[in-house]
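Heads up, the thing below is written out as C-alpha cells.
Every number in this text was worked out from the coordinates using simple rules, so none of it is lab data. Note that the structure is predicted; figures quoted are calculated from it, not measured. We place every Cβ from the backbone using ideal geometry, glycine too, and count neighbours over all the protein chains shown.
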Amino acid sequence: MFLKRIEQTERHLRHFIAQYFAVELERLTVEIPPRIEFGDLAFPFPFELAKTLGRSPRQIATELVEKIKTPPQVERFVAAGAGYVNVFFERISFFKDLYSWLHNPFPEPTGEKIIVEHTNINPNKAAHIGHLRNAALGDTFVRLLRACGRKVEVQNYIDNTGVQVADVVVGFRQLHKMSLKQIKSIGEPFDHYCWDLYAQVYQWYSQDKSRLHYRERTLKEIEGAQEPTSQLAEYISMRIVLAHLKTMLRIGVRYQVLPRESEILRLKFWEESFQQLKEKKAILYRDDGPQEGCWVMRLPGENGDSVDEKIIVRSNGTVTYVGKDIAYQLWKFGLLGKTFHYRPFCRYQDGEIVLHEDQVPDDDTVWLTTIQPSPYKDPDFGQGNSVYNVIDVRQSYLQRVVVEGLRRLGFAEQADHSVHFAYEMVALSPTCCSELGIELSEEEQKKPYVEVSGRKGLGVKADDLINKLVEKSLEEVNARQKDLPLEKRKEIAHQIAIGALRYFLLKYTRSSVIAFDFTEALSFEGETGPYLQYSVVRANNIFRKLEASDPQWDISVWEDNCERMWEEPNSIAELMDDNQVWSLLLQVARLEESIHQTARSMEISYLAKHAFNLAQQFNLFYHKYHILSERDPIKKCFYLTVADAARRGLFKTLDLLGIQVPERM
RNA sequence: GCGCCCGUAGCUCAGCCUGGACAGAGCAACGGACUUCUAAUCCGUAGGUCGCAGGUUCGAAUCCUGCCGGGCGCGCCA
C-alpha cells in the first residue's frame, strides 16, 4: 500500500512535468525528508531541471506546487528547502489502508523455484559462531523470499567424504583406539567431543608429518565406500549432522533436503559433468608445462589481460572441490541429466528433531540423498530457476569459477541466476580470546581480531553461546516474572536468548567482519533483539489489560468503535495531525519497502535496522500516550488502533527475522 | 604482484548502491524520569578534520583518481 502510493505520486509528478515543463524524466528520485515536518516524501528533481530550464530549483518547485493538482492519495504538495517538492499524504485514508494491509498475510508462494543453500558445515565437529551467522542469514533470506511470494527450497550440503571427516576417523582409531561400538557409547554432546578430537588430530599430525598417511588412506577408503572405514565415517558424520540440525533448530533454522557428497560421488555426478565440460571445450588438457596432465579452466583475469588457469582435474586424475561444485550446481538447475534418490532422515516435531521412523513424510521431513530409491516417493528437489549459495566471502573466487563453468557449458541464463550470497566472517576479538583462555602468539596479538580455526580448536561453539544466552536471560526473567511457572519462564528465556542472538548476527552489514565479543552478544539493552521483543510485549500488555483497567472497555468495544471511526473520519482528523503518531504509522508502512529493498540487496541488516527504528518510534509513542487511562472514547479507540498497527508491523518484521515474541518480559 | 572488502564519535556500527536539507544510532560517561499500559524503557548533556590529497558537480561521507593504514583471497588443500 505504501509502495503503490509512492508509485502513483511519482507518476503523477512525472506526468505533470512532461506536460507543463515539456521535460520527459525517466524516473524521479524519491527520498525521505530528514524531518517529519518537511513532509512524507521528498522529490529533488527541481535541482536536476534547474539546468535544463535555466531557472532556480526553488522557483521550479514553487511554480509546480502552485499549478499541480493533488491526486486523491495526496493531501498537498509543498516547495521545500532549496528546491524540493515534498508530499504530504492524505493521512486518514493512508492509516485505514495501512491497517487493512497489516491484517493481510503475505502472498502464497508461486512461480519458479528458488534454491537457497546455506549452513554447509563439515560434519566432523560442533558448529561455531561463524556457522550461526551463515545459518541466520540464509534462513532470514529464505523467510524474506517466501514473504515476497517466492517458492523456496532450502538445501544444506553435507561434505561427508572430505579430509575433515577422515581426520576425525583417524583420531578415533589412532589416537583414541576406539571401535565403532565404543564410539557409539560416547554420550552427548558428541559433536563437542569431536571438536576437541579434531584439534588433537591436527596437533598429532603436526608433530610427525609421516602420520598424514593415515589421513590419505582413510580418505581413499571413505571415498571408495570401503568397509569398515566407510561405515565408521558414515556413523560419525551423520551423528554430527543430526547435532548440527538440532543446534540450528534452537535458533529456528530448518532445512528441507541434505544433499551429500557421498551420493554425488557414487552416482557419478562428476563424471557426467566432466563429459559435458570436455565436449563443450570448457576445460583444456595440458600436455606440458607446470600443469602437465591436468584439466584446467582458463579464466579471464579481473581486467581482461591476465589469464588465470584453474585446475579442475589433477594430473593424478582426481577432481578438485570446484569440479564437484560445478556438478552440484548443474544438478541444482536440473542441467545434469542425473538426480538423487532420497529417504526421510528426520523430522521437526513439537519443536524438536526426531529421527525418521515410520511416519508419513510431510513438510516437516528433512530428506537425505541416497543411491537407491526408498519406499517413499522421491520428492522433486533441485531444478531451480535461480540458486543462492550462502557462503562466506573468502570463497568468492571459487564461486566465480563455478559460475564461469556453467557459462562455458552454454548455460548463460543459469550462470546469471547463480548468486553468491557473500558475507564476512565472524572472528574473535582479543578480549574474547583472553576470556576463553586462549593464548595468542605475538603476531596474533597485533591483529584486530583472530580468525576462528576448527583445526586449532579456536572458536566459540554455537551451543555454548546459546546456553550462555539462555542462562543469562533466565536470570533476567526470574527477576521479573516470579509468579510464572518455571516451564513458562524457561520458554520465555529461550525466546529472548534466540532473539538476542539472531538480532546480533543480523544487524551487521554482510561486508562487516564481526569481531565476536561476549559482552556485546550477551547484551539485552539498546539495539538488541530483546529491545524489539520488549516493545511488542508492551503493546500486547495494553490489550491484555484493556478490560481490567475499565469494565466498560474490552476488545469487542474497541473493535466496534474502530469501525465507527473509519466511517466517520472527521472524528479523528485532529488526532491525525499529531506528527509523533504519524511518523510511527509511516514507519509501520515502510515495512513493505524495507522487505523489497532487503530482498533486492540481500542486505538483511537493512530489515534489522527497520525493526529497530520501528520499535524506537513505538516506545516514544508508548511514553507519550497513556492509552488505558484515556477518558475520551474516541481518543482511546484511535490510540489503541495506532498501537495495534505498530505491534502488528513489528510482529511481522520480527517474524521475518526469525525472532519470536514472548508472552511476558 | 594482482583482485575484493574495510577506514565515520572513546568503543561497536548505520548512512555510500541511487550525490541533496544541520552526518545518525547503540554502548560507555554524566544528569534526570518508576504509587503509572512492567524502567530489558524514556528524556537530556557531552562527544565527529566522515583515513589523507586531488578531481567531477550548483552541491561529495556518498561518484572518479592517487596515496596511507587494516583485513581477506589468489595452491595439482577442502
- Message: With just the Cα atoms defining each centre, how far is segment A:258-318 from segment A:622-665? Give it in Å.
- Response: 58 Å
- Query: How high is the FRET efficiency between A:Phe518 and A:Glu75 when r is their beta carbon distance and R₀ equals 45 Å, given to the nearest 0.05?
  - Reply: 0.35
- Task: Provide A:Phe543, A:Phe345 in ascending order of the number of other Cβ atoms located within 10 Å of each residue's Cβ, fewest first.
- Result: A:Phe543, A:Phe345
- Note on the structure: In terms of the alpha carbon gyration tensor, root eigenvalues a ≥ b ≥ c, rounded if a/c is under 1.5 and otherwise prolate when a/b exceeds b/c or oblate, segment A:1-102 is prolate
- Query: Can you run phi through the Karplus equation (6.51, -1.76, 1.60; θ = phi - 60°) for segment A:108-113 and list ³J(HN,Hα) in whole Hz, with x for Gly and Pro?
  - Reply: 5, x, 9, x, 5, 7
- Extension reserve of the A:Glu547-A:Glu309 stretch, reckoned as 0.36 nm per residue once the Cα distance is removed: 78.4 nm
- Mean separation of Cα contacts under 8 Å (at least 6 apart) over the residue count of chain A, i.e. the relative contact order in percent, is 13 percent
- Note on the structure: Ordered by fewest other Cβ atoms within 10 Å, a rough proxy for footprinting exposure, A:Thr519, A:Thr218 read A:Thr519, A:Thr218
- Item | Footprinting exposure proxy for A:Arg298, A:Arg35, A:Arg254 (fewest neighbouring C-beta atoms within 10 Å first) | A:Arg35, A:Arg298, A:Arg254
- Straight-line reach check, A:Lys636, cutoff 18 Å on alpha carbons, 8 or more apart in-chain or any other chain, hits among lysines -> A:Lys96, A:Lys545, A:Lys624
- Task: Search the structure for amide H atoms under 5 Å from the amide H of A:Phe421, placed 1.01 Å from N in the peptide plane, and list their residues when 5 or more places away or on another chain.
- Result: A:Asn389, A:Val390, A:Ile391
- Message: Give me a comma-separated list of calculated 3J(HN,Hα) values for segment A:650-665, in order, Karplus coefficients 6.51, -1.76, 1.60 applied at θ = phi - 60°, integers in Hz, x for any Gly or Pro.
- Response: 5, 4, 4, 5, 5, 4, 5, 7, x, 10, 8, 10, x, 5, 9, 9
- Sort out for me the Cα centre separation of segment A:326-369 from segment A:475-520, rounded to whole Å. 31 Å
- Task: With +1 on each Lys and Arg Cβ and -1 on each Asp and Glu Cβ, and nothing else charged, work out how big the dipole of chain A is about its Cα centre, in Debye to the nearest 20.
- Result: 760 debye
- Message: With the crude spin-label approximation of a point 7 Å out along Cα→Cβ, what separation in nm comes out for A:Ile36 versus A:Ser93?
- Response: 2.3 nm
- Query: Okay, which of segment A:115-149 sit inside 19 Å, backbone N to the point 7 Å along the Cα-Cβ direction of A:Lys468?
  - Reply: A:126-136
- Query: Taking Rh as the Kirkwood radius computed over C-alpha pairs, what is the Stokes-Einstein D of segment A:370-445 at 37 °C in a medium of viscosity 0.692 mPa s, expressed in µm² per second?
  - Reply: 199 µm²/s
- CD proxy, 222 nm, chain A: helix-only mean residue ellipticity via -39,500 (n - 2.57) per DSSP H run with n ≥ 4, per residue, nearest 500, stands at -16000 deg cm²/dmol
- Query: Taking a 20 Å limit on the Cα-Cα distance, which of the listed pairs A:Lys220/A:Lys268; A:Lys125/A:Lys461; A:Lys4/A:Lys67; A:Lys507/A:Lys652; A:Lys281/A:Lys332 fall beyond it?
  - Reply: A:Lys4/A:Lys67; A:Lys281/A:Lys332
- 5 angstrom amide H check on A:His128, placed H, neighbours 5+ away: A:Ala462
- Kindly express, to the nearest 10 degrees and within the range 0 to 90, the angle between helix A:555-567's C-alpha long axis and the longest C-alpha principal axis of chain A. 60 degrees
- Gain in span if fully extended, A:Asn579 to A:Lys4, counting 0.36 nm per residue against the direct Cα distance: 204.8 nm
- Calculate how steeply helix A:604-624 sits against the longest principal axis of the alpha-carbon atoms of chain A, using the helix alpha-carbon long axis, and give the answer as 0 to 90 degrees to the nearest 10. 40 degrees
- Item | At most 14 other Cβ within 10 Å, DSSP loop - GluC sites (Glu not before Pro), segment A:504-554 | A:Glu525
- Relative to the longest principal Cα axis of chain A, at what angle does helix A:579-589 sit, 0 to 90 degrees, rounded to 10? 40 degrees
- Message: Can you compute the FRET efficiency between A:Ala412 and A:Thr110 using 1/(1 + (r/R0)^6), with r the Cβ-Cβ distance and R0 = 25 Å? Round to the nearest 0.05.
- Response: 0.45
- For labels at A:Asp378 and A:Lys624 in the simple 7 Å Cα→Cβ model, what's the distance in nm? 6.1 nm
- Once amide hydrogens are built 1.01 Å from N within the peptide plane, the residues lying 5 or more places from A:Val366 or on another chain with amide H under 5 Å from its amide H are A:Phe345, A:Cys346, A:Arg347, A:Tyr348
- Extension length gain for A:Gln19 and A:Asp364 (0.36 nm per residue less Cα distance), in nm, is 118.5 nm
- Message: Take A:Lys482 and A:Glu568, extend 7 Å from each Cα along the Cα→Cβ direction, and tell me the distance between the two endpoints in nm.
- Response: 4.7 nm
